[in-house]
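The structure appears below as structure tokens.
Bear in mind these aren't lab numbers, they're just calculated from the coordinates by the rules spelled out. What you see is a predicted model; the values in this text were computed from it and never measured. All Cβ positions, glycine included, derive from the backbone under ideal geometry; neighbour counts span all protein chains shown.
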Amino acid sequence: MRMQLAGALAVVAVAAAAVVWRLHSAPSHWQVVDRYCTGCHNETDVAGGLAFDDLDRSNVAANPAVWEAVVRKLRTGLMPPKGEPRPDRGVLERMARELEHGLDGLPLAPLIPAPSRSHA
Ligand code: HEC
């Protein structure tokens, strides 16, 4: 019994540590964008017709076409352009994955309507 409890606590501790690790180590894509992209892609220098400072910061799914284009540029290594400062390949890859998660979170119409709880 005691061993089981200890095991369960260890699992919880590892899970919590993983969450904390993620929060600290996963670069928010905005940190990368602000540092490496907005210098060219802003309201005054709209490079490639793209200004990141116009976008909704809290919701990737609000501008799916833009972020899909960003994922492509990150995966192909085309942005930031050659010769410009860029973070590690791993950071760009994580950023692409983070954006894909946000894009996958696009609200979809429910196939089965949620049961009404009003009479519960
Ligand atoms: C030195 C300036 C510069 C920096 C820094 C830069 N870009 Fe660009 N970007 C451009 C230019 C110029 C174009 C248009 C030509 C092209 O597509 O290569 C462009 C095009 C793009 C496009 C394609 C737009 C479209 O709809 O066709 C995307 C997406 C993009 N950049 C994303 C980024 C991201 C993400 C970063 C940062 C990681 C970044 N860029 C950093 C100059 C820059």
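Among Arg97, Arg72, which comes first, then next, by fewest other beta-carbon atoms within 10 Å?
Arg72, Arg97
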Q. Mind listing the phi-derived Karplus ³J(HN,Hα) values for region 92-103, rounded to whole Hz, using 6.51, -1.76 and 1.60 with θ = phi - 60°, and x for any glycine or proline?
A. 5, 5, 5, 5, 4, 5, 4, 5, 4, 4, x, 5
Q) Taking H as built 1.01 Å from N, whose amide H comes closer than 5 Å to the amide H of Asn63, not counting residues under 5 places away? A) none
Q) Relative contact order for region 28-104 using alpha-carbon pairs under 8 Å, separation at least 6, rounded to a whole percent? A) 31
